[in-house]
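**Student:** Pasting in a structure now, in structure tokens, and then I'll have a few things to ask.
Values in this text are rule-based calculations from the coordinates and carry no lab data. All values reported here derive from a predicted model rather than from experimental measurement. With ideal geometry, Cβ positions are generated from the backbone for all residues, glycine too; neighbour counts draw on all protein chains shown.
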Amino acid sequence: MNPQSLPFERLKTLENFGHSLQAQSYLYRPTNVEQMNEVFKQAKQSGLTVALRGAGRSYNDAALNGGGIVMDIQDMNRIVEWNPETGLITCEPGVTLQKLWQHILPDGWWPPVVSGTMTTTLGGCLGMNIHGKNNFKMGTIGEQVVEFKALLPTGAEITCSPKLNGDLFHAMISGMGMLGVFTAITLQMKRVYSGMLNVHAWNVPNLESHIQALTENAPNNNYTVGWLDSTASGAGMGRGQLHTANYLPEGEDPNPKKTLQVAYQTLPATMFGVFPKSIIHYFMAPFMINPGVWLINTAKYIAGMREGHHPQSHAAFHFLLDYVPNWELAYGRSGLIQYQSFIPKETVREAWREILTLTQKRGLPSYLGVTKRHRPDKFLLSHAVDGFSLALDFKVTQGNRARLSALLQELDQIVLEAGGRFYFAKNSETSPETAKRYLGEETIERFKALKKRTDPNGLLESDLYRRVFGS
Amino acid sequence: MSNSRLTSQTPLKSYRRALLVGASSGIGAALAHQLAEKGYQVALLGRRLEMLEAICAEINQKHGQGQAIAFAHDVEDTEQVPALFGQIVKQLGGLDTIIYNAGILLPVTVTEFDTEKDLQMTQINYLGALAWLNPAAAYFQTLKTGQIVGIGSVAGDRGRVGAPAYNASKAALHTYLEALRNRLTRRGVHVLTVKPGFVATAMIKDSPRTLMVISPEAAAAGIYRAMQSHQQTVYVPFQWALLMQVIRHIPSFIFRRLSF
């Protein structure tokens, strides 16, 4: 068969979130289910594969498909139904977390699980089964899904809920967009009585106290997150800052009507009241070298020595990554990568110490470390453990690629030895062997068996899928 | 022809991808090794699949599996090109550079006029280049990036008694590449015309008179340098630039009397 080639006008170079990868693809932006189905038909006729893409906020190759088709679902962004009485909302997959919270907050609701950026789409959030700073209490976003509809590459449309097609429900959420494409998602929102959260921030002086603080606070607060100074060594290794945040109980906010307004939540447009935030990343760039980052981390730690309680809006607390637009550009031309590992509570102390020691010993300290407490979930390609996660940002340069690559392979071994797991929206260098070891061969086989059922022609493929599962 | 894909890149293991037409021997084979050495993934095309596969095997053994892939193709079969181009882009996972290196020299005596030979040289040296570089140009112009390299020849700079059709085919290629450059530079695409002198390949083994002969490896290194420094036209080795400057300015009344 002579495959029919696609028009070159469709070609586009797409990037990952960290600007560390580019891929050339035929880009399609369907606006309804029929057009989505049309893309699958085109793919079949042209002998190409299709990767799904939302806002393109994965740090790795999850939404890239070099030489193939990318189906961008961002134009399917209607809110289909919202019930401010029950808090149930049905959205198309291209609805972003931003659009979602701005739609429901004035009615006194908030999405129960959000990522660190609000530009992500619900389709992407479900595909990766994202978590927030309340993973230990609320689980992943998949646990908030009441029902979803999806289009399979075969053209079939299905409805899934925890009870209906439960196997597909638990595999499509977390399934990296490799089983089918979400067309409508129904989620349960959470009632809030104020646009503000009570935030508490304090320093933790070392690794032991850091882990202990996360352990003690995660069950007792609505949100708990840690910042870890990954440049600190010796007795101060693992030092950092903890943030907890809690919803205000009903009646505590004297003027909820005001604080629940979207305008009240908006992130300020300038920093220190002067600099437009759109240019801040230029000022950050010179500090993105080892001594500069040490300086910033140390200054941040010293500044945090004064324990603080303060009210903060939901948006300001959650969407730190959106605070400085294009912050990722500060990492320079080769961009950044993120390495996040999830380690059981029993082995976390030793593993984190080894990880931090090794990154410092190799002269490749992470520039930003974030810690969280997690609980396991029932989704098939789960990254969660009863334990902790440590997300490390690394700057990529022309000169450090090989060393960084070798370091990450070593870190993978530490994490695997500790019984840990990884997350498909973040790590960009996970090898098929590593994926097999933490997911288990049986899980991968189960996933592939489901894929055979929903996508018998193997139309759905991303660079990520080929990298970790083989094509 | 395998249907497998080459290894996808990651932020820490990034590849550039090159399609090399005419890669089974000579300059093409040397370029394949040179590019693989410099971190390219390569799709190698030629008529002689066994030779291509041997080169691929060598590259994949040296630089890791999934770095090189071979396709049997005769550039005279221009109808096959659009589909094959699409197939290669798919298997490479994108395209950054295309190099047209296919070329033949069919010797003729100074009194011989052989249309069959001349048409074949035109077909392989020039028409095949049109068939391959046109889709590549269309592909790159949409993406506003990419690199097109055509392997011409010093022989394309003048029409000589010894090789009229060969000279003309290479001159046509040079002019076509110049036009591509004028079209595509504004769209972010780099077009390089390479004019090698005598390179120790099968092509010149019967040539009676050769000078400044270099190895295919040396030619490949020179071509790679010109690709990196984004030159427009490069003579390989560079001494030919001086020599051809002189030759190009020999007036016709003298040139008509020369025997080479």
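**Student:** Once amide H atoms are placed 1.01 Å from N in the peptide plane, what residues at a sequence separation of 5 or more from residue B:17, or on another chain, have their amide H within under 5 Å of its amide H?
**Tutor:** Those qualifying (amide H under 5 Å, at least 5 residues apart or on another chain) are B:41, B:96, B:97.
**Student:** If each residue of separation counts as 0.36 nm, what is the full-extension length gain between residue A:208 and residue A:312 once their alpha-carbon separation is subtracted?
**Tutor:** Taking 0.36 nm per residue and subtracting the Cα distance, the gain is 34.6 nm.
**Student:** With an 8 Å cut-off on Cα pairs and a minimum separation of 6 or more residues, tell me the relative contact order of the stretch A:1-138 in percent.
**Tutor:** 20
**Student:** Once you have the Cα-Cα distance between residue A:163 and residue A:216, take 0.36 nm times their residue separation minus that, and quote the gain in nm to one decimal.
**Tutor:** 15.7 nm
**Student:** Taking the Cα centre of chain A as the origin, how large is its charge dipole in debye, to the nearest 20, when only Lys and Arg (+1) and Asp and Glu (-1) carry charge on their Cβ atoms?
**Tutor:** 540
**Student:** Express the Stokes-Einstein translational diffusion coefficient of the stretch A:79-191 in µm² s⁻¹, to the nearest whole number, given a Kirkwood radius over alpha-carbon pairs, 20 °C and a viscosity of 1.002 mPa s.
**Tutor:** Answer, rounded: 154 µm²/s.
**Student:** Positive end of the charge dipole of the stretch B:16-255 (Lys, Arg +1 and Asp, Glu -1 on Cβ, about the Cα centre): tell me which of B:193, B:115, B:75 has its Cα farthest that way.
**Tutor:** It is B:193.
**Student:** Might you report the magnitude of the Cβ-based charge dipole of the stretch B:57-157 about its Cα centre, with Lys and Arg at +1 and Asp and Glu at -1, to the nearest 20 debye?
**Tutor:** The calculated dipole for the stretch B:57-157 is roughly 620 debye.
**Student:** Could you run the Karplus curve 6.51 cos²θ - 1.76 cosθ + 1.60 with θ = phi - 60° over the stretch A:355-361 and give me ³J(HN,Hα) per residue in whole Hz, x for Gly and Pro?
**Tutor:** 4, 5, 4, 5, 4, 6, 4
**Student:** For a quick check of your reading of the filter: which GluC sites (Glu not before Pro) in the stretch A:35-130 sit in a DSSP loop and have no more than 13 other Cβ atoms within 10 Å?
**Tutor:** Here the sparse-neighbourhood loop sites are A:85.
**Student:** Run the Debye formula on the Cα coordinates of the stretch A:196-434, all scatterers equal and no solvent, and tell me log10 I(q)/I(0) at q = 0.10, 0.12, 0.17 1/Å.
**Tutor:** -0.51, -0.75, -1.43
**Student:** When the helices in the protein assembly as shown are scored as -39500 (n - 2.57) per DSSP H run of 4 or longer and the sum is shared across all residues, what 222 nm value do you end up with, to the nearest 500 deg cm²/dmol?
**Tutor:** It lands at -10500 deg cm²/dmol.
**Student:** Over all directions, what mean area does the Cα convex hull of the stretch B:16-255 project, stated in square nanometres?
**Tutor:** Over all viewing directions, the stretch B:16-255 projects a mean Cα-hull area of 12.8 nm².
**Student:** Evaluate the relative contact order of chain A (contact order divided by residue number), counting alpha-carbon pairs under 8 angstrom at least 6 apart; express in whole percent.
**Tutor:** Averaging sequence separation for qualifying contacts and normalising by length gives 18 percent for chain A.
**Student:** Scanning chain B for trypsin sites (Lys or Arg not before Pro) in DSSP loops with at most 10 other Cβ atoms within 10 Å, what's the longest stretch left with none?
**Tutor:** In short, B:1-204.
**Student:** Sticking with this structure for a sec: In debye, nearest 20, what is the charge dipole magnitude of the stretch A:79-191 about its Cα centre with +1 on Lys and Arg Cβ and -1 on Asp and Glu Cβ, if you could check?
**Tutor:** 340
**Student:** May I pose another question? Specify, per residue and in Å³, the volume enclosed by the convex hull of the alpha carbon atoms belonging to the stretch B:63-128.
**Tutor:** 118
**Student:** Rg/Rh for the stretch A:1-151 to two decimals, with Rh computed the Kirkwood way over all alpha-carbon pairs.
**Tutor:** On the Cα set of the stretch A:1-151, Rg over Rh gives 1.02.
**Student:** Still on this structure: By count of other Cβ within 10 Å, fewest leading, how are A:160, A:125 ordered?
**Tutor:** Ranked by crowding around the Cβ, least crowded first: A:160, A:125.
**Student:** Once you've got the GNM for chain B with C-alpha springs shorter than 10 Å, pick whichever of B:31, B:119, B:12 has the biggest mean-square fluctuation.
**Tutor:** Checking each option, the largest mean-square fluctuation is seen for B:12.
**Student:** For the protein assembly as shown, what is Rg from Cα atoms divided by 2.2 N^0.38 Å, rounded to two decimals?
**Tutor:** In units of the 2.2 N^0.38 Å rule of thumb, it is 1.11.
**Student:** Taking a spot 7 Å from the Cα of residue B:130 along the direction of its beta carbon, which residues of the stretch B:172-193 have an amide N less than 20 Å from it?
**Tutor:** Of the residues in the stretch B:172-193, B:172-184, B:192-193 have backbone N under 20 Å from the label point off residue B:130.
**Student:** Kindly count the pairs of lysines across the stretch B:16-255 whose alpha carbons are less than 20 Å apart, treating pairs on different chains or eight or more residues apart as eligible.
**Tutor:** Taking the stretch B:16-255 as the scope, the lysine pair count is 7.
**Student:** Calculate one ³J(HN,Hα) per residue across the stretch A:68-82 by plugging θ = phi - 60° into the Karplus curve 6.51 cos²θ - 1.76 cosθ + 1.60, and present them in order as whole Hz with x for glycine and proline.
**Tutor:** x, 9, 10, 9, 8, 9, 5, 7, 9, 10, 8, 8, 7, 7, 9
**Student:** Report, in degrees rounded to the nearest 10, the 0 to 90 angle that the Cα long axis of helix B:128-143 makes with the longest principal axis of chain B.
**Tutor:** Between the helix axis and the principal axis of chain B, the angle is about 50 degrees.
**Student:** Give the residue from B:254, A:312, A:80 lying farthest towards the positive end of the charge dipole for the protein assembly as shown; charges sit on Cβ (+1 for Lys and Arg, -1 for Asp and Glu) and the dipole is referred to the Cα centre.
**Tutor:** B:254
**Student:** Residue farthest toward the positive end of the dipole of the protein assembly as shown, with Cβ of Lys/Arg at +1 and Asp/Glu at -1: which of A:326, A:344, A:48?
**Tutor:** Towards the positive end, the residue furthest out is A:326.
**Student:** Shifting gears a bit: Label-point separation (nm) for residue B:207 and residue B:253, each offset 7 Å from Cα along Cα-to-Cβ?
**Tutor:** Roughly 3.1 nm, to one decimal.
**Student:** Taking trypsin sites (Lys or Arg not before Pro) as candidate sites, keep only those in a DSSP loop with at most 14 other Cβ atoms within 10 Å, then name the longest stretch of chain A containing none of them.
**Tutor:** My reading of the result: A:1-162 is the longest stretch.
**Student:** Sticking with this one: Mind listing the long-range amide H neighbours of residue A:109? Cut-off is under 5 Å, sequence gap 5 or more, other chains count too, H placed in the peptide plane at 1.01 Å from N.
**Tutor:** A:192
**Student:** Here is a further query. How large is ³J(HN,Hα) for each residue in the stretch B:50-59, as worked out from phi by the Karplus curve 6.51 cos²θ - 1.76 cosθ + 1.60 (θ = phi - 60°), to whole Hz, x for Gly and Pro?
**Tutor:** 4, 5, 4, 5, 5, 5, 4, 4, 5, 5
**Student:** Using amide H atoms built 1.01 Å from N in the peptide plane, name the residues 5+ places from residue A:385, or on other chains, whose amide H lies under 5 Å from its own.
**Tutor:** Correct list: A:375.
**Student:** Using only Cα atoms, what Kirkwood radius does the stretch A:329-471 have, in angstroms?
**Tutor:** 16.2
**Student:** Moving on. Residue A:137: which lysines have alpha carbons under 30 Å from its alpha carbon, excluding same-chain residues fewer than 8 sequence positions away?
**Tutor:** Partners found: A:99, A:149, A:163, A:190, A:257, A:258, A:300, A:345, A:372, A:378, A:426, A:436.
**Student:** How high is the relative contact order of chain B? Use alpha-carbon pairs under 8 Å, at least six apart in sequence, and give a whole percent.
**Tutor:** Reported as a whole number, the value is 18 percent.
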